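Input: a single structure, listed below in structure tokens.
Quick note: the coordinates plus some simple rules give every number you see, no bench work behind them. Keep in mind the model is a prediction, meaning the values are calculated, not measured. No Cβ is skipped: glycine too gets one built from the backbone with ideal geometry, and neighbour counts run over all protein chains shown.
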């Protein structure tokens, strides 16, 4: 009879010096790779800063000559640079804004979250500083414009100039509306390029040309409309506002006392022209700079310059870079791999590697890890996974344990490395809600909607009566339209945020799917990892369906359009998965079912996807 002896010394494996050196080298190389990317992006950012400063300087000194050319860099550092820094942080580390199931809370989180307040402050500060520089320039060129900082009197030698403050308040409101538009349209996030083979210089030129095409003329029209509206409102309510300020804020009287006098008003309709010109000048400087910021931050990096001083070859360097924990650097690495798999000669390097494990095997391994990260965030609804507390180690028995040899202790079936990886990443997570339960929940939801409609019927009748009134009716219709637009935005934005929090790596996930479609394999490495890849895709699809079921229960609390927004956002994820699976099935054909074995649930899901 065989004897198994367990001792305390045998339970702890000593760490070999060679393993410690290898781990230290890996950590050093990982930090070196991230430092390479940071250095490259810093050079790009410096290039953008210099160009923006030159444009600002030339724009400011174009009309006033070279005497004010020194003020251009100061203007850039004090105004434009603030906006660039804040927008750059949104690209490097995109914030996850809160998305509670409430229309009111959605608006509150959009306006008053810390990242949003940073956007508002940067735009407002940039505009205020630019307005003071602009007024000094115009006042020097045209003294009769009366845009000086002070308008002193005998009783108030430090009295302010209302014409200047009219420009400051007008540009401040314009900047806040401009920032609000960017927040509502989600233009602050990184827009990763769809094509990775475009030259960097050409990409910058294309972005500038697009900036000064249709959108710019729309901004000019919006600026003209805002100028007319603000001038009319200011001239109407200026007396009331300044009198209130003088009455209740006593320390402001020496500076704004004359503003409260209607007879001393110096704000005329012609001053609106200066406001409009200042807004256009700011747009000309700011819009192209912000337009190319995405290009400077998201265009493909030159990985060849990173591998020259690296002990790893370019392919191994990329595979090691895929282990980065920084999402922004990981996005650049996946984009580089996507560019490589589109080039036949580059793909041949991966597929021609006869090593064990081969480069193809390792490439699919890191891609399955990416799918596992997407799946974990889907099932956790965007929340970080809880760390498992390790159980206390079992004290080894110092006695000899005798075991009878027999068939009752059969060794478990061994899985390949990739299949074991899939089991570790995505096998233990929940599957989507079964169809009967989903149907029952849908029926209950329909009954709730019917009861709500019956309760709202008297309210709708009273609303229709009020809309027919001659004076109140148009106002109520306008309020109703605004409320409808807000509800529609709140529902779609809530759905986008919830799905974005669940799949923050969606763009990277799409590029990973593109990488997985490469199948020019001469050693059969792709066929070995193909079942695990398909199984991982199916489980990610289950995670997306589970998230959709959860969000559809909360959607009625937000608005009627929230459910459609959830289906649209989740549909983007499932469509990418379905397209990837169909591409693989079309490539391998019926050999999938004859050569590979899948779990029954996975096989059924694959059949439904291919037949759908």
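In Å and on Cα atoms, what radius of gyration and Dmax does the range 242-378 show?
Rg, Dmax (Cα atoms, Å): 29.7, 90.
For the peptides 344-353, 548-557, 279-288, what is the packing order when you average, over each peptide's residues, the other Cβ atoms within 10 Å and list the highest mean first?
279-288, 548-557, 344-353
How big, on average over all directions, is the shadow cast by the Cα convex hull of the range 526-612, in nm²?
Computing the convex hull of the Cα atoms and averaging its projections yields 5.9 nm².
Take residue 261 and residue 485, extend 7 Å from each Cα along the Cα→Cβ direction, and tell me the distance between the two endpoints in nm.
Taking the simple label geometry, residue 261 and residue 485 are separated by 4.1 nm.
So if we plug the beta-carbon distance of residue 125 and residue 601 into 1/(1 + (r/R0)^6) with R0 = 35 Å, what FRET efficiency do we get, rounded to 0.05?
The formula returns an efficiency of 0.05 here.
Order of 536-544, 249-257 by packing, highest average Cβ count within 10 Å first?
536-544, 249-257
Quick one: which of 215-225, 321-331, 364-374 comes out on top by average Cβ neighbours within 10 Å, and what's the full order, highest first?
The peptides rank, most packed first, as 364-374, 321-331, 215-225.
Within the range 313-355, what residues put their amide N at less than 17 Å from the label point 7 Å along the Cα-to-Cβ vector of residue 205?
No residue qualifies, since no backbone N sits under 17 Å from the label point.
Relative to the present Cα-Cα distance, how much length would full extension add between residue 113 and residue 346 at 0.36 nm per residue of separation?
79.4 nm
With r as the distance between the Cβ atoms of residue 195 and residue 96 and R0 = 25 Å, compute the FRET efficiency 1/(1 + (r/R0)^6) and round to 0.05.
With a Förster radius of 25 Å, E is 0.35.
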